[in-house]
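Data first, discussion second: the structure below is written as structure tokens.
The values are calculated or read from the model by the stated rules, or taken from the named source; none is laboratory data. Remember, predicted model here, so these are calculated numbers, not experimental data. Virtual Cβ from ideal backbone geometry, glycine too; neighbours counted across all protein chains shown.
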Amino acid sequence: VIPGWFSEISPMWPGEAHSLKVEKILFQGKSEYQNVLVFQSSTYGKVLVLDGVIQLTERDECAYQEMITHLPLCSTPNPKKVLVIGGGDGGVLREVSRHSSVEQIDICEIDKMVVDVSKQFFPDVAVGYEDPRVTLHIGDGVAFLKAVPEGTYDAVIVDSSDPIGPAQELFEKPFFKLVANALRPGGVVCTQAESIWLHMHIIEDIVKNCRQIFKGSVNYAWTTVPTYPSGVIGFMLCSTEGPPVDFKHPVNPIDANDSHCKSKGPLKFYNSEIHAAAFCLPSFAKKVIDSK
Ligand code: AAT
């Protein structure tokens, strides 16, 4: 450990640790679920860390939040009801609220401290909470889904932390079954699905489970986020049986001139070309994912 630097050390990426230079520690706390840290870095703006793992930085959060949101929402015509699981910082809410067809945005985040800290230190991310369509539920995503009537949502976005800690169940088969049940026929889900460089074994399991559960389409996409382990992160995109969804050809582009979108400031990362490109996989990953 280098003094004055934050190093992201975890058994999920043994033998490596990305480091950021710390200018100032702004918040340190312990919630019921995890350690919460906010610091000012010298080159990535403010950084939110949970249990030693970077959740977002001001500089590159746009890549993750825009992709995890617009990959599913731009792939489905006219989404109205959207559920976010995790994502307590509000960044995914900010992105969902760019879509003017959306009427209801529910979010279930387990840790109220994440919400409070984000509102205090990351106003440009937590701005998502200001949309009147948003309802916040504090609780476990699995328990929340158990109470959702069948076929409620057009889209579910699972913005979850890694499978060590409170998010473990969000990577398991029973959870995906609950998500499928909560979606209408032809509804879409997008989940945080780790790194092709580090977690092919986890991705393999997710793909296998999803192929058994989601009878529409099942796809893996990825993007670059410099402060996530290995600098890339992937997404599992699935649809339930019903009107077919072709994730690789977005049918619902964002209207940047719409008032909902304008009030949030411009998109920084997402566009239709990068949407289609996100599904192109390196050969080693394609081989494993296609065989599952
Ligand atoms: N948008 C920032 C990126 C995240 S945040 C993940 C969120 O999921 C955290 O706020 C965490 O408290 C919440 N969470 C964890 N488990 C649950 C659960 N069971 N139910 C509801 N919310 C939960 C993800 C960063 C990815 C990091 C990649 N290394």
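Test PRO226 against the criterion of being surrounded by fewer than 24 Cβ atoms within 10 Å (Cβ to Cβ) and not in a loop (DSSP other than H, G, I, E, B), and give yes or no. Before you say what the answer is, go through the steps one by one.
On the way: surrounded by fewer than 24 Cβ atoms within 10 Å (Cβ to Cβ): yes; not in a loop (DSSP other than H, G, I, E, B): no.
Considered against the rule, which asks whether it is surrounded by fewer than 24 Cβ atoms within 10 Å (Cβ to Cβ) and not in a loop (DSSP other than H, G, I, E, B), PRO226 comes out as no.
I'd like the full set of residues that are of a type outside the set (Ser, Thr, Tyr), in contact (Cβ under 8 Å) with a residue 24 or more places away in the chain and within 9 Å of the ligand (Cβ to nearest atom), limited to segment 157-174.
Scanning segment 157-174 gives VAL158, ASP159, ASP162, GLY165, PRO166, ALA167, GLU169, LEU170.
Considering each residue of segment 205-220, count those that are assigned to a loop (DSSP other than H, G, I, E, B) and touching a residue at least 40 places away in the same chain (Cβ under 8 Å), and give that number. First the steps, then the outcome.
Keep residues of segment 205-220 that are assigned to a loop (DSSP other than H, G, I, E, B), which gives 214-217.
Then keep just the ones that are touching a residue at least 40 places away in the same chain (Cβ under 8 Å); that gives none.
Of the residues in that region, 0 qualify.
Any idea which of (1) surrounded by 22 or more Cβ atoms within 10 Å (Cβ to Cβ); (2) of a type outside the set (Phe, Trp, Tyr); (3) within 12 Å of the ligand (Cβ to nearest atom) is the one VAL36 doesn't satisfy?
Single failed check for VAL36: (1).
Taking the stated definitions as given, is ILE202 under 27 Å from TRP13 (Cβ atoms), outside any strand (DSSP E or B) and in contact with a strand residue (DSSP E or B) (Cβ under 8 Å, 6 or more places away or on another chain)?
Details: under 27 Å from TRP13 (Cβ atoms): yes; outside any strand (DSSP E or B): yes; in contact with a strand residue (DSSP E or B) (Cβ under 8 Å, 6 or more places away or on another chain): no.
Judged against the criteria, ILE202 is not a match.
Determine if segment 45-54 includes at least one residue that is more than 15 Å from the ligand (Cβ to nearest atom), under 29 Å from PHE247 (Cβ atoms) and in a strand (DSSP E or B). Quick ask: steps written out before the conclusion?
Of all residues in segment 45-54, those more than 15 Å from the ligand (Cβ to nearest atom) come to none.
Within segment 45-54 (the criterion being more than 15 Å from the ligand (Cβ to nearest atom), under 29 Å from PHE247 (Cβ atoms) and in a strand (DSSP E or B)), the answer is no, since none of the residues qualifies.
What about GLN28, is it free of Cβ contacts under 8 Å to residues at least 12 places away in the same chain and within 19 Å of SER118 (Cα to Cα)?
Numbers: free of Cβ contacts under 8 Å to residues at least 12 places away in the same chain: yes; within 19 Å of SER118 (Cα to Cα): yes.
Considered against the rule, which asks whether it is free of Cβ contacts under 8 Å to residues at least 12 places away in the same chain and within 19 Å of SER118 (Cα to Cα), GLN28 comes out as yes.
Is it the case that some residue within segment 179-199 is within 16 Å of the ligand (Cβ to nearest atom) and in a helix (DSSP H, G or I)? Give the derivation first.
Start the filter on segment 179-199 by keeping residues that are within 16 Å of the ligand (Cβ to nearest atom), which leaves 179, 182, 189-199.
Subsequent filtering for residues that are in a helix (DSSP H, G or I) retains 179, 182.
Yes, that holds for at least one residue.
Go through (1) of a type outside the set (Ser, Thr, Tyr); (2) closer than 29 Å to LEU20 by Cα; (3) within 9 Å of the ligand (Cβ to nearest atom); (4) surrounded by fewer than 16 Cβ atoms within 10 Å (Cβ to Cβ) for ALA143 and report which single condition fails.
With respect to (1) of a type outside the set (Ser, Thr, Tyr); (2) closer than 29 Å to LEU20 by Cα; (3) within 9 Å of the ligand (Cβ to nearest atom); (4) surrounded by fewer than 16 Cβ atoms within 10 Å (Cβ to Cβ), ALA143 is out only on (2).
Look through segment 236-287, keep the residues that are over 20 Å from the mean Cα position of the chain (by Cα), at pLDDT below 95 and not in a loop (DSSP other than H, G, I, E, B), and return whichever of them is surrounded by the most Cβ atoms within 10 Å (Cβ to Cβ).
HIS260
Filter segment 1-19 down to residues that are farther than 14 Å from SER230 by Cα and surrounded by 13 or more Cβ atoms within 10 Å (Cβ to Cβ) and give me whichever is farthest from the ligand (Cβ to nearest atom).
The selected residue is TRP5.
List pairs: first residue in segment 1-21 and assigned to a strand (DSSP E or B), second residue modelled with pLDDT under 95 anywhere in the structure, Cβ distance under 7 angstrom, at least six positions apart or on different chains.
What qualifies is SER7/VAL1; SER19/ILE2.
Hey, does segment 50-65 have a residue that's at positive phi and at pLDDT 95 or above?
So in segment 50-65, the residues at positive phi come out as 51-52.
From what is left, the residues that are at pLDDT 95 or above are 51-52.
The answer is yes, given that some residue of segment 50-65 is at positive phi and at pLDDT 95 or above.
Anything in segment 101-132 that is buried (at least 17 other Cβ atoms within 10 Å of the Cβ), more than 16 Å from GLU61 (Cβ to Cβ) and away from the ligand (no atom under 13 Å from the Cβ)? List them, or say none.
If the condition is that a residue be buried (at least 17 other Cβ atoms within 10 Å of the Cβ), more than 16 Å from GLU61 (Cβ to Cβ) and away from the ligand (no atom under 13 Å from the Cβ), then VAL102, ILE105, ASP131 are the ones that fit.
Give segment 244-255 a look and list any residue that's touching a Pro at 6+ places or on another chain (Cβ under 7 Å) and of a type outside the set (A, V, I, L, M), or say none. Steps first, answer last, please.
Restricting attention to segment 244-255, the residues satisfying the condition of being touching a Pro at 6+ places or on another chain (Cβ under 7 Å) are 251-252.
Of everything in segment 244-255, just one residue is touching a Pro at 6+ places or on another chain (Cβ under 7 Å) and of a type outside the set (A, V, I, L, M), namely ASN252.
Determine, yes or no, whether SER75 is surrounded by fewer than 19 Cβ atoms within 10 Å (Cβ to Cβ) and away from the ligand (no atom under 16 Å from the Cβ). Let's see the steps before the verdict.
Numbers: surrounded by fewer than 19 Cβ atoms within 10 Å (Cβ to Cβ): no; away from the ligand (no atom under 16 Å from the Cβ): yes.
Against the criterion (surrounded by fewer than 19 Cβ atoms within 10 Å (Cβ to Cβ) and away from the ligand (no atom under 16 Å from the Cβ)), SER75 does not qualify.
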